[in-house]
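The next block holds one structure in the form of structure tokens; read it before the comments.
The values are calculated or read from the model by the stated rules, or taken from the named source; none is laboratory data. This is a predicted model, so every value here is computed, not measured. Here the Cβ positions follow ideal geometry from the backbone for every residue, glycine too, while neighbour counts run over all protein chains shown.
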Ligand SMILES: C[S@@+](CC[C@H](N)C(=O)[O-])C[C@H]1O[C@@H](n2cnc3c(N)ncnc32)[C@H](O)[C@@H]1O
Ligand code: SF4
């Protein structure tokens with residue numbers, strides 16, 4: 001589905017103003033991470049992301065000609081790295097439904113960045129070796145629920161990724177009250193002592209199709225309490241400043257879990273992310289209502305320097321802090337779908 005995209009080229013954009021070597025937005029946040037959505041399609045229909053009733057046979061996905069080629073993505077990624085990006089995550093939709101994704105991984109590996117992938121795991125078993133060989137650093141797998149896809153296949157994918165050297169994996173579960181919150185303890189139990197890290201994500205009001213209500217959110221504090229009652233947990237320091245997941249370890253030494261409290265404890269203040277959509281639009285927030293059109297620059301013959309200046313200008317103007325100011329009313333805004341912008 002095409003989203004509102006604003007043209008960005010004025011042709012007279014000033015060169016970026018780095019402060020002490022760092023590009024900062026209007027709230028002084030540096031740009032460190034880039035999420036790239038490589039496809040708006042997915043073979044799953046998770047209720048909190050691509051509900052079947054909306055993403056049905058009549059839904060129009062982007063045509064191939066509209067989506068960025070691997071070469072176009074790699075060129076943009078190089079420009080982002082020149083502006084300070086140190087981490088790139090490939091996502092979607094389901095990134096592994098994009099054919100030969102390992103080719104893009106190999107192209108991005110030439111940049112000096114940490115390169116990761118978020119996947120629903122369904123196609124991981126057959127791709128893990130090629131991705132690892134191409135230079136992927138880490139994988140996050142979304143936990144399995146609410147589709148008929150066999151859990152065993154996802155676990156096979158996780159095992160294949162671990163065997164290919166991509167361990168430890170992060171295994172995410174979006175928790176929606178009344179839908180899968182009874183799976184919190186089984187999920188914790190499944191990944192305790194496995195060497196991988198189970199992470200529980202608060203259900204968010206991304207997009208406009210999932211019918212989000214605050215009552216559906218299970219606060220991370222409740223997740224931690226419920227797990228801790230069974231297997232006591234103790235807090236662990238963040239790996240680095242601004243880490244989104246809060247870490248907890250099992251007191252009995254069975255490893256750790258993470259919780260991501262995007263709703264109850266917004267982390268906008270430390271958000272260092274830029275997002276590149278499947279069709280080459282730039283989004284400065286997951287909850288944005290429109291993006292900035294980079295594809296026209298790329299396909300219109302702009303130089304790397306012009307593109308760099310436009311990206312920098314978008315970042316320098318950035319003032320987003322949606323999760324901090326979320327209300328029942330803002331959750332009804334017409335927002336971009338997560339499968340399009342990349343989760
Ligand atoms: C949109 S998916 C794309 C990558 C891949 N298909 C997957 O499922 O991991 C990226 C992440 O967004 C999460 N997600 C999707 N909808 C969400 C929602 N409404 N609230 C919180 N997280 C959500 C998914 O669970 C996943 O971890
Ligand atoms: S993109 Fe990921 S979260 Fe969304 S429906 Fe597909 S598998 Fe589920």
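Conditions tested, residue by residue: (1) away from ligand 2 (no atom under 16 Å from the Cβ); (2) closer than 26 Å to residue 33 by Cβ.
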position	(1), (2)
80	yes, yes
94	no, yes
102	yes, yes
127	no, yes
155	no, no
164	yes, yes
169	no, yes
179	no, no
191	yes, yes
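Looking at (1) modelled with pLDDT of 95 or more; (2) within 13 Å of ligand 2 (Cβ to nearest atom), which one does residue 160 not meet, given that it meets all the others?
It is condition (2) that residue 160 fails.
Could you look through the range 326-343, keep only residues that are within 13 Å of ligand 2 (Cβ to nearest atom) and part of a loop (DSSP other than H, G, I, E, B), and pick out the one that is surrounded by the fewest Cβ atoms within 10 Å (Cβ to Cβ)?
Looking at residues that are within 13 Å of ligand 2 (Cβ to nearest atom) and part of a loop (DSSP other than H, G, I, E, B), I get 337.
Looking only at the range 164-182, filter to residues that are in a strand (DSSP E or B) and touching a strand residue (DSSP E or B) at 6+ places or on another chain (Cβ under 6 Å); which one of those is surrounded by the fewest Cβ atoms within 10 Å (Cβ to Cβ)?
Within the range 164-182, the first condition is being in a strand (DSSP E or B), and the residues that meet it are 170-176.
Of the ones still in play, those that are also touching a strand residue (DSSP E or B) at 6+ places or on another chain (Cβ under 6 Å) are 170-175.
Numbers: 170: 18, 171: 25, 172: 21, 173: 22, 174: 23, 175: 26.
This residue is 170.
So how many residues does the range 188-221 have that are part of a helix (DSSP H, G or I), within 16 Å of ligand 1 (Cβ to nearest atom) and surrounded by 18 or more Cβ atoms within 10 Å (Cβ to Cβ)?
Residues in the range 188-221 being part of a helix (DSSP H, G or I), within 16 Å of ligand 1 (Cβ to nearest atom) and surrounded by 18 or more Cβ atoms within 10 Å (Cβ to Cβ): 3 in total.
Name the pairs: first residue in the range 37-59 and more than 14 Å from residue 120 (Cβ to Cβ) and free of Cβ contacts under 8 Å to residues at least 40 places away in the same chain, second residue near ligand 2 (Cβ under 9 Å from one of its atoms) and in a loop (DSSP other than H, G, I, E, B), Cβ to Cβ under 8 Å, at least 6 apart or on different chains?
Cβ pairs passing all conditions: 52/45.
Has the range 150-158 got any residue that is within 14 Å of ligand 1 (Cβ to nearest atom), out of contact with any helix residue (DSSP H, G or I) (no Cβ under 8 Å at 6 or more places or on another chain) and under 27 Å from residue 261 (Cβ atoms)?
No - not one qualifying residue is present in the range 150-158.
Would you pick out the residues in the range 36-71 that are assigned to a loop (DSSP other than H, G, I, E, B), within 15 Å of ligand 1 (Cβ to nearest atom) and in contact with a strand residue (DSSP E or B) (Cβ under 9 Å, 6 or more places away or on another chain)?
38, 44, 46, 47, 48, 49
Considering only the range 238-273, state which residues are at pLDDT 95 or above and loosely packed, with under 13 Cβ neighbours inside 10 Å.
251, 252, 253
If a residue has to be touching a residue at least 12 places away in the same chain (Cβ under 8 Å), more than 16 Å from ligand 1 (Cβ to nearest atom), closer than 17 Å to residue 83 by Cβ and not in a loop (DSSP other than H, G, I, E, B) to count, how many in the range 4-35 make the cut?
Residues in the range 4-35 being touching a residue at least 12 places away in the same chain (Cβ under 8 Å), more than 16 Å from ligand 1 (Cβ to nearest atom), closer than 17 Å to residue 83 by Cβ and not in a loop (DSSP other than H, G, I, E, B): 3 in total.
Return the only residue of 88, 36, 73 being surrounded by 16 or more Cβ atoms within 10 Å (Cβ to Cβ), at pLDDT 95 or above, closer than 24 Å to residue 203 by Cα and away from ligand 2 (no atom under 16 Å from the Cβ).
Answer to the selection: 88.
When only residues in the range 105-120 that are surrounded by fewer than 23 Cβ atoms within 10 Å (Cβ to Cβ) and within 16 Å of ligand 1 (Cβ to nearest atom) count, which is nearest to residue 140 (Cα to Cα)?
Going through the qualifying residues, I end up with 118.
Return only the number of the condition from (1) away from ligand 2 (no atom under 15 Å from the Cβ); (2) surrounded by fewer than 18 Cβ atoms within 10 Å (Cβ to Cβ); (3) within 30 Å of residue 180 (Cα to Cα) that residue 61 does not satisfy.
(1)
Any chance the range 296-316 includes a residue that's away from ligand 1 (no atom under 16 Å from the Cβ), in contact (Cβ under 8 Å) with a residue 12 or more places away in the chain, crowded, with 17+ Cβ neighbours inside 10 Å and within 19 Å of the chain's Cα centre (by Cα)?
The answer is yes; a qualifying residue exists.
Can you run down the residue pairs with Cβ atoms below 9 Å, 6 or more apart or on separate chains, where the first is in the range 197-210 and more than 18 Å from residue 337 (Cβ to Cβ) and the partner is near ligand 1 (Cβ under 9 Å from one of its atoms) and part of a loop (DSSP other than H, G, I, E, B)?
From the range 197-210, the pairs are 198/143; 199/143; 200/143; 202/262; 202/263.
So is residue 263 in contact with a strand residue (DSSP E or B) (Cβ under 6 Å, 6 or more places away or on another chain), over 25 Å from residue 70 (Cβ atoms) and in a loop (DSSP other than H, G, I, E, B) or not?
Taking the combined requirement at face value, the residue satisfies it.
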